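Remarks on the structure that follows.
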């Protein structure tokens, strides 16, 4: 378990702009930063990062939070693992104390898998540089490919011996369990080495941890696959991984472009030549997960294809997925017989860069020209070509972009634009109908669950930052966009209740009265304590009750208490109330010299805010209580209960007096 002091140090150190910036391309927008949401597909940035509040939020899907919660959601980590991740990022040493048996088991499993993979990578690298076989076979191969030693070490390339089980024997002697070796695909079910006589390419996740391997055989063997990869495991999902992404994410974000190649050696060769914004799909067709990985850093992809028309046409079939994700795709077809590695070696970096810059063609136009050359004057083939092109264009989410492509393609294919528009509309209608049918089917069969991996809600009374023991070690990051359990207000009191809670969450820790040293939360809660039971919205009531208990326990009531609360409804409400897509423009003062004269800036005006909101809130509650008392009085007259009538009449007079006094103060008309 991580000591609370260390947890708090990490929380206080972590900056939301740094943490989010590792995964999202952010641009300045006033005092905030904006980028494309990493949690859902969008073409217009709605993900806002507020350095001042140390929070982020997407105003499209609602996800966000503080640095810890962002890492939990983005990397699918538990709270303790997110703390460890941030501790490592900010070089804060974590000395953990004893964990529960269950928590230790879960933690050790994942850590063991990472540890074994790192051990294997070190072993393979050592064999490459120190064993006679490794130097004569593996290292010679890499040097023949033109790889310099620094690049080989940078990517931690390695070699596996031809011996049957040299790695497995060494690993087990060094206390690594054979069951975990098998789970990671390093050892076969028969206890022998899975990789033999191959050069090894470690595969890393975005955090830099080794999650798997790719092995290339060097001898010609018709029975053996040229490349074999690690099987999927708890830490490796090949459909969501791109080789080289760990090293490329910074350059991709900086250049706002990702170069996509096919193989490991292409990535290393280009990287060595100074072209670092490059990743590889490792010989597999692009998946949605891989495309989303790229979209975290840029919307622009440049795909390099070997000079082989048959291979290009096969690869193009899968690129509609890229268009569906609203990415901007350009294609570069290398000269015949060349791949990125070989062509770079033959012409040099400068000529290579010039070629891919001048040859890059928009995907739709590239596909159109390629298929037109094949169809020539055959009307049947040309009809199929038009259908294929329109199917691709129809996948593009942007209406404007679709229209432009249709216009350009109509000219290229010498077809009237209206026919292409009609065909595109048919395809769009079909896609929409299918999508709706799929949703209806899921709903009918009660299978629709937007967050299948979300664990049961945590204990709402437990704050992970204050009590680590109460938080399960294996807790998965909950999806803040799941269906909310909070109740909506059933009358007009909802706005006043929400505003009271907003003030408690965002400004409760601030000083209301300097002379008496009373905080805003103290002032507000002291004045609504007697009407807590009158809240209509149960979530707002829960927040008020939690806040009151914090004050009773003499614990701080900072916004962080709410935004990091383990109850997802509380945390999401705090995030919603703490953030806004709009902000008070600094230009009023900096550019025009106009300043607020009668009150503080909006984010600092909690004294006046709390007083006004509290009085309006109480007015609403008094009106409601008076109405309820009148109904009880009618029943008392009906029942002939004189004693109860007298009591209720006195209560009504008191409520009416309090109500009228507040109404008079705020110039509010009250109907009797």
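The values are calculated or read from the model by the stated rules, or taken from the named source; none is laboratory data. None of the values given here were measured: they were computed from a predicted structure. Virtual Cβ from ideal backbone geometry, glycine too; neighbours counted across all protein chains shown.
Couple of notes before you dig in:
- Residue within the stretch 196-203 that is under 21 Å from residue 119 (Cα atoms), surrounded by fewer than 18 Cβ atoms within 10 Å (Cβ to Cβ) and in contact (Cβ under 8 Å) with a residue 40 or more places away in the chain present: no
- Residues of the stretch 210-233 satisfying the condition of being surrounded by fewer than 18 Cβ atoms within 10 Å (Cβ to Cβ) and part of a loop (DSSP other than H, G, I, E, B): 218, 219, 220, 221, 222, 223, 224, 225, 226, 231, 232, 233
- Qualifying positions in the stretch 116-133 - farther than 17 Å from residue 213 by Cα and assigned to a helix (DSSP H, G or I): 129, 130, 132, 133
- Enumeration of residues in the stretch 254-280 that are surrounded by fewer than 21 Cβ atoms within 10 Å (Cβ to Cβ), in a loop (DSSP other than H, G, I, E, B) and free of Cβ contacts under 8 Å to residues at least 60 places away in the same chain: 257, 276
- The one condition in (1) surrounded by 14 or more Cβ atoms within 10 Å (Cβ to Cβ); (2) closer than 30 Å to residue 259 by Cβ that residue 354 fails to fulfil: (1)
- Filter pass, residue 124 being surrounded by 15 or more Cβ atoms within 10 Å (Cβ to Cβ) and touching a residue at least 24 places away in the same chain (Cβ under 8 Å): yes
- For residue 290, the conditions (1) surrounded by 23 or more Cβ atoms within 10 Å (Cβ to Cβ); (2) assigned by TED's automatic domain parsing to the domain that holds residue 121 are fulfilled apart from (2).
- Scanning the stretch 323-338 for residues that are without any contact (Cβ under 8 Å) to a residue 60 or more places away in the chain and touching a helix residue (DSSP H, G or I) at 6+ places or on another chain (Cβ under 7 Å) yields 327, 329, 330, 331, 332, 333, 334, 335.
- Unmet requirement for residue 67, which otherwise passes all of (1) out of contact with any strand residue (DSSP E or B) (no Cβ under 8 Å at 6 or more places or on another chain); (2) at pLDDT below 90: (2)
- Among the helices (runs of 4 or more DSSP H) confined to the stretch 1-76, the ones with at least 3 residues that are farther than 19 Å from residue 579 by Cα are located at 4-13.
- Apart from one condition, residue 133 fits all of (1) modelled with pLDDT under 85; (2) surrounded by fewer than 20 Cβ atoms within 10 Å (Cβ to Cβ); the exception is (1).
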